[in-house]
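The values are calculated or read from the model by the stated rules, or taken from the named source; none is laboratory data. Quantities reported herein were computed from a predicted structural model and do not represent experimental measurements. So basically every Cβ, Gly included, is an ideal-geometry build from the backbone, and we count neighbours across all protein chains shown. The area values use the complete protein model at the heavy-atom level, side chains included, leaving out ligands, DNA and RNA. Shrake-Rupley method; radii C 1.70, N 1.55, O 1.52, S 1.80 Å.
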Amino acid sequence: MAQAKRSNEDESLVGEYTLPDVLKCGDGTVVTTASEWTGKRRAEVLRLYEEHVYGKTPETPKLDATVTSERKDALGGLATRRIVRLSMKGQPKWEGIDVMIYIPNAAKKPVPSFIGLSFGGNHAVSPDIDVPISDRWMRPAQGDTVRNNRATVRSRGKEAHRWPLEMILERGFAVVTAYYGDIEPDHTQGWKDGVRGVLAEKGADTVWKDGEWGAIGAWAWGLSRMLDYVETVDSIDAKHCSVIGHSRLGKTSLCAGAQDQRFAMVISNCSGEGGAAIMRRNFGETTKIITTSFPHWFTPTYARYSDHAADCPVDQHMLISLMAPRPVCIASAAEDLWADPKGEFLSGLNAQPVYDLFGLKGVGVKHQPMVNTPVGDVVRYHVRTGIHDVTDFDWQRYMD
Ligand code: GTR
């Protein structure tokens, strides 16, 4: 991927770097207990992420929820499928988020769930042909699945391999998903049609300022609003919701898990640069490349660390630390060098000092494990064979 952009994929050329000390507070003191972490340092680290990486998520009014359809015999009777629109009063310009929820019919009590965004819309995730095709803006795609930035009928089910609904539902989990572009279309001017623009009431000539939220922050906000809704659904156990995301949406899932501790478990699938990968490691995608290609994903401050990663007060082991003491799963793919699999492992490993404060074992090994050999306890890591994708192998790990 992106071979035209110069990046290093030779481990011997990575070079030396020093990670910021996650336990060292701004005032120079070092945290030694879980309560100091929770009461003091955690908030500092979160603030650093707001200032330097993702920007600050503003307080927002509660969203309205309108059920637009419900089917009790979805997927051949396996599940009940509900589609709910979450929208903001007084903001008709922003159409809102169409959340699709599958709940296993066999469940006798409230079920745990996975909450995650998709790249292609609910109709791309689901094999059910009565799920409406999204009419929102879409990024151009290979083949004939998107035309003039709109999904075509050919995009039905195109993301279903990443969402093995039957397998997940049979294991007793609910699935809660929505199209990320419902929250904000994924292009540099997308904020104008998304929640960021609507809330800020900014003009067309707006320049986003340092510390203000970017698209990842907005998508993460959307995940929290989906969880708000899940809290109102009796058949889902909102205390056991895992937030999941792949690639840019893996960065988003980490951002959501960091800022919203109601997510009981956080899953990063091939999240790479700006996600689980250590930014100071000169391997795969770099801060410069990502902020050049996708400046809108982050707060503007982040681009200043292009070629100056050492000046950034955070690195991604600190993002993983923000999940503590909750479980976190970090997954890589062996051929996904762009996302720096080893760098993704190292963020999990270097979050251990914070998990130690809680007496919890993280990845439990010092070196990146072999492919298809999952490791870890509360911080789990695996690298599987294959490419940048989400596979059943990954899902099995997340459900175990
Ligand atoms: C790439 C980007 C990655 C990753 C990926 C994706 O172009 O460089 O950071 O997020 O997109 O989301 O598919």
Quick check on region 243-272: of everything there that is over 11 Å from the mean Cα position of the chain (by Cα) and under 30 Å from Asn105 (Cβ atoms), which residue is least open to solvent (accessible area, probe 1.4 Å)?
Phe263
Hey, any hits in region 24-31 for a residue that's assigned to a helix (DSSP H, G or I), surrounded by fewer than 18 Cβ atoms within 10 Å (Cβ to Cβ) and among the β-branched types (Val, Ile, Thr)?
no
Please work out which one of (1) touching a residue at least 40 places away in the same chain (Cβ under 8 Å); (2) in contact with a Gly (Cβ under 9 Å, 6 or more places away or on another chain); (3) of a type outside the set (D, E, K, R); (4) over 19 Å from His246 (Cα atoms) is the condition Ala331 fails and give its number.
(4)
Could you please find all residues in region 277-292 being open to solvent by 10 Å² or more (accessible area, probe 1.4 Å), among the hydroxyl-bearing types (Ser, Thr, Tyr) and under 28 Å from His382 (Cα atoms)?
Thr286, Thr291
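Can you tell me how many residues in region 100-116 are small (Gly, Ala, Ser) and more than 10 Å from Ile236 (Cβ to Cβ)?
The number of residues fulfilling the criteria is 2.
In region 123-151, how many are touching a residue at least 12 places away in the same chain (Cβ under 8 Å) and closer than 24 Å to Gly194 by Cβ?
Within region 123-151, residues that are touching a residue at least 12 places away in the same chain (Cβ under 8 Å) and closer than 24 Å to Gly194 by Cβ number 18.
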Within region 255-276, tally of residues that are without any contact (Cβ under 8 Å) to a residue 40 or more places away in the chain and within 16 Å of the ligand (Cβ to nearest atom)
1
Among the residues of region 383-398, count how many are open to solvent by less than 20 Å² (accessible area, probe 1.4 Å) and under 17 Å from the mean Cα position of the chain (by Cα).
4
So, first residue among the acidic types (Asp, Glu) in region 34-59, second residue in a helix (DSSP H, G or I), Cβ within less than 9 Å, six or more apart or across chains; the pairs are Glu36/Leu357; Glu50/Gly217; Glu50/Gln259; Glu51/Thr301
Show the residue pairs that are 6+ apart or on different chains and have beta-carbon atoms under 7 Å apart, the first residue being within region 239-254 and near the ligand (Cβ under 9 Å from one of its atoms), the second being in a helix (DSSP H, G or I) and among the aliphatic types (A, V, I, L, M).
Lys251/Ile216
Pick from region 95-118, criterion in a loop (DSSP other than H, G, I, E, B) and hydrophobic (A, V, I, L, M, F, W, C), ranking: nearest to Gly222 (Cα to Cα):
Ala107
If you go through region 287-325 one residue at a time, how many are free of Cβ contacts under 8 Å to residues at least 12 places away in the same chain and closer than 13 Å to Cys255 by Cα?
0
Quick check on my filter: what residues within region 370-400 are among the hydrophobic types (A, V, I, L, M, F, W, C), closer than 19 Å to Ile320 by Cβ and touching a helix residue (DSSP H, G or I) at 6+ places or on another chain (Cβ under 7 Å)?
Val378, Val379, Val383
I'm trying to understand the selection: among the residues of region 119-133, which are assigned to a loop (DSSP other than H, G, I, E, B) and open to solvent by less than 20 Å² (accessible area, probe 1.4 Å)?
Gly120, Gly121, Ser126, Val131
If you check Arg82 against the conditions, is it under 22 Å from Phe263 (Cα atoms), of a type outside the set (Ser, Thr, Tyr) and assigned to a strand (DSSP E or B)?
yes
I'd like to know if region 301-309 contains one or more residues that are within 16 Å of the ligand (Cβ to nearest atom), among the hydroxyl-bearing types (Ser, Thr, Tyr) and open to solvent by less than 10 Å² (accessible area, probe 1.4 Å).
yes
Tell me which residues, restricted to region 305-356, are touching a Cys at 6+ places or on another chain (Cβ under 6 Å) and aliphatic (A, V, I, L, M).
Ala333, Ala339
